[in-house]
Amino acid sequence: MEIRIEPLPARGPASLPDPAKLGFGQLFTARMLTADWDEGRGWHDARIEPYGPISLDPAAKVFHYGQEIFEGLKAYRWRDGAAMLFRPEMNAARFNRSAVRLALPPVPEELFLRGIEELVRLERDWIPGAPGTSLYIRPTLIAVEPTLGVRPSARCRYFVILSPSGAYYAAGFTPVRILVEDHYVRAVPGGTGSAKTGGNYAASLAAGLKAKELGYEQVLWLDGIERRWVEEVGAMNIFFVAGGRLVTPPLSDSFLAGVTRDSVLRLAGHLGIPAEERPVAIDGLLADLRAGRVTEAFGTGTAAVVSPVGVLGYRGEAHPVGDGGVGPVTQRLYDTLTGIQYGAVPDPFGWMRRVA
């Protein structure tokens, strides 16, 4: 599919602010990628155009029925100046799995991958080069047909925006406090939990506010049926270390199959760290924490890569994880995976994709 490149309005050259002030998702680059779909023509009119507001009819289905999906990935600047993507084909595949679940038209892989590469190529000056910084990439697909009938939209729009982002751990790589949520649920089997759609995140906000009021940074979600089985933490997958072995709950259709999760499991095997996917019951987990059998815990996701957990709170009681610090397995996985992403250590898997 041809991607048309529209000119930018005349203005001075872009300049990035101090990397320490970048934050996350607050600044956006000068261009965006857009493409349209309708039942009659399929995908058409792919273009890279100046970043700006999108005009939609108030009756667009995305506003009324939440028919939308998104993805998140990053571009990194290596020391030789190269712009590198981390496993974008995994995001393309997950994006289209989400599309099928939300009755949206899958985006051709060529449009997803080549469109992002071309957009990043044009905006490469926006990729920050300081340690820990990156260019966050947000592909999104929304239903835009202006009708209130409850059915899949006959018209959709795909767009990609870019956001220079600062180091996630501006204050250092430190453990967070996690509240185990046993009232609210994020998703249930057969629902949309395994799709990356906004409704899942909207459903998590009230529990997140509750956690912050109690002095915790994130929420650990339990299953929606028994409120017993550990699923994921915040917008991340969760891992535990017990006896030197890495343990994570098996994937289901009630939480997201993380690209970083898959990468950690593959990397663990490469590093000789035993790993297994098995159900984790909250009562058994707390017993193992108290007995010292579980010594580390961490979440994995695009934004933080690896986020160590220092405390689990459950029903009014705080349970330290190990000594409350960053464990050696967590640190080793974080250092190796971020080293691959930033080109500091070899990439034995061929995960990094160079933007021409």
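What tally of residues in region 14-43 results from selecting those that are over 22 Å from the mean Cα position of the chain (by Cα) and in contact (Cβ under 8 Å) with a residue 24 or more places away in the chain?
Initially, region 14-43 is screened for residues over 22 Å from the mean Cα position of the chain (by Cα), giving 14-18, 30, 35-43.
Filter once more, keeping what is in contact (Cβ under 8 Å) with a residue 24 or more places away in the chain: 14, 16, 30, 35-39, 42-43.
Adding up the residues that qualify gives 10.
Give Arg227, Arg177 a once-over and let me know the one that is surrounded by 15 or more Cβ atoms within 10 Å (Cβ to Cβ), part of a loop (DSSP other than H, G, I, E, B) and basic (Lys, Arg).
Going through Arg227, Arg177 in turn, just one is surrounded by 15 or more Cβ atoms within 10 Å (Cβ to Cβ), part of a loop (DSSP other than H, G, I, E, B) and basic (Lys, Arg): Arg227.
Among all residue pairs at least 6 apart or on different chains, which show Cβ distances below 6 Å where the first residue, located in region 183-209, is closer than 22 Å to Ile282 by Cβ and in contact (Cβ under 8 Å) with a residue 24 or more places away in the chain and the second is aromatic (Phe, Trp, Tyr) and not in a loop (DSSP other than H, G, I, E, B)?
Arg186/Trp221
For region 275-356, which fully contained strands (runs of 3 or more DSSP E) count at least 3 residues that are more than 24 Å from the chain's Cα centre (by Cα) and not assigned by TED's automatic domain parsing to the domain that holds Glu123? Outline the logic, then answer.
Values: elements: 275-277, 294-301, 305-314, 317-320, 352-354.
Of the strands (runs of 3 or more DSSP E) lying wholly inside region 275-356, those with at least 3 residues that are more than 24 Å from the chain's Cα centre (by Cα) and not assigned by TED's automatic domain parsing to the domain that holds Glu123 span 317-320.
In region 94-118, what residues are among the polar types (S, T, N, Q) and touching a strand residue (DSSP E or B) at 6+ places or on another chain (Cβ under 6 Å)?
Hit for region 94-118 is Ser98, nothing else.
I'd like to verify a number: residues in region 182-201 that are touching a Lys or Arg at 6+ places or on another chain (Cβ under 8 Å) and crowded, with 19+ Cβ neighbours inside 10 Å, how many?
Of the residues in that region, 8 qualify.
Looking at region 186-196 only, could you name the residues that are of a type in the set (A, V, I, L, M) and modelled with pLDDT under 95?
Of everything in region 186-196, those that are of a type in the set (A, V, I, L, M) and modelled with pLDDT under 95 turn out to be Ala187, Val188.
Among what's in region 1-60 and is of a type in the set (Asp, Glu) and on the phi < 0 side of the Ramachandran plot, pick the residue that is surrounded by the fewest Cβ atoms within 10 Å (Cβ to Cβ).
Top of the filtered list is Glu2.
Quick check on Thr147: is it of a type in the set (S, T, N, Q) and surrounded by fewer than 20 Cβ atoms within 10 Å (Cβ to Cβ)?
Yes.
The values are calculated or read from the model by the stated rules, or taken from the named source; none is laboratory data. Predicted model only: the values in this text are computed from it and were never measured. Using ideal geometry, Cβ is built from the backbone for each residue, glycine included, and neighbour counts are taken over all protein chains shown.
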